[in-house]
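Heads up, the thing below is written out as structure tokens.
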Amino acid sequence: MKSNNKWPYGVVRVVLLACAVVCTTTYAATTATTALAAQDPASTPGNALGDASARRSLLTNGAADEPQAQGDGNVTELQQMIRDGKVVEMRTTYNGSYGASLLFYPDQMLYYVALFQQKKFWRVIKTQTDTRAEAVYADFAKSTAQLADSEIRREKLQAENAFADRLIALQQQRANRLQADVDVARAQQSQVVDRQAQQQEAIRTLRAQQDAAQAELRALQTKVQDLQRQADGDLMPASQ
């Protein structure tokens with residue numbers, strides 16, 4: 001027995017299209033959340049990729065603590081969304097004090113691309129097209145590298161100068177120690193020279209004394225011999 005409960009082709013097509021839209025939206029939101037969780041297991045849409053102590057995060061480092069501007073601009077809107085915890089940080093690039101971030105608002109499938117310095121937003125672009133968001137983010141990230149170039153070179157030069165100053169201080173300390181050693185050696189050498197001169201003078205004096213004593217000794221020996229001969233002559237018998 002054949003069933004007559006067949007849906008018209010048009011109704012089936014509408015149902016399939018609706019299912020496709022729902023599945024696509026669900027898949028996009030799930031993909032964004034999964035990619036975010038893969039970067040940091042502790043991440044949730046509300047806390048922006050987890051603890052700020054584990055990584056630098058635009059959302060967890062006070063980027064929206066103090067409002068920068070008033071009005072209905074993208075900067076003010078993004079700041080409020082950050083304060084309300086409605087956006088997810090998907091990508092962030094830092095170069096020096098400059099940064100670029102790609103943020104996602106799942107409820108409306110919106111992307112926010114921000115260019116900032118330290119905690120201050122500079123430019124914010126809002127779009128519903130993921131390819132445009134990625135392109136703007138890539139452009140902003142490239143801009144941060146260019147903007148931070150002089151800042152990074154200055155930091156390097158400051159570090160090199162500080163390193164050179166430390167080397168100079170170390171070499172100066174070594175030079176001071178060597179100079180102290182040289183001064184001690186020179187003072188000691190001067191003392192040694194003076195002592196050697198004194199010793200030579202003492203030697204000359206002692207030699208003179210020795211020569212005088214030897215001369216006196218020879219004179220006494222001659223005198224003794226003469227006296228001995230005289231004494232021996234007085235004791236000889238008179239000749240007959």
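Quick notes on this structure:
- Most to least accessible of MET81, MET90 (protein chains only, probe 1.4 Å): MET90, MET81
- Whole-Hz couplings from phi, Karplus 6.51/-1.76/1.60, listed for region 108-122; x for Gly and Pro: 10, 6, 9, 10, 10, 10, 10, 10, 8, 10, 6, 10, 9, 5, 9
- Measuring nothing but how far apart in sequence close Cα pairs (under 8 Å, 6+ apart) lie, relative to its length, region 93-240 scores a relative contact order of 14 percent.
- Cα shape, region 85-240, gyration tensor, a/c 1.5 rule: prolate
- In the context of the full set of protein chains, residues of region 153-240 present 94 Å² of accessible surface per residue (probe radius 1.4 Å, heavy atoms only).
- Amide H to amide H, with H built 1.01 Å from N, LEU110 comes under 5 Å of TYR105, counting only residues 5 or more places away or on other chains.
- For LEU227 and GLU160, the difference between the fully extended length at 0.36 nm per residue and the C-alpha to C-alpha distance is 14.4 nm.
- Overall, the accessible surface of region 129-192 at a probe of 1.4 angstrom is composed of carbon and sulfur to the extent of 55 percent.
- For region 83-141, the solvent-accessible area works out to 48 Å² per residue, with a probe of 1.4 Å and every protein chain left in place.
- ILE152 accessible area, assembled protein chains, probe 1.4 Å, Å²: 60 Å²
The values are calculated or read from the model by the stated rules, or taken from the named source; none is laboratory data. Here the structure is a predicted model, which is why all the values come from computation and not from measurement. All accessible areas refer to the heavy atoms of the entire protein, side chains included, with ligands and DNA or RNA removed. Shrake-Rupley method; radii C 1.70, N 1.55, O 1.52, S 1.80 Å.
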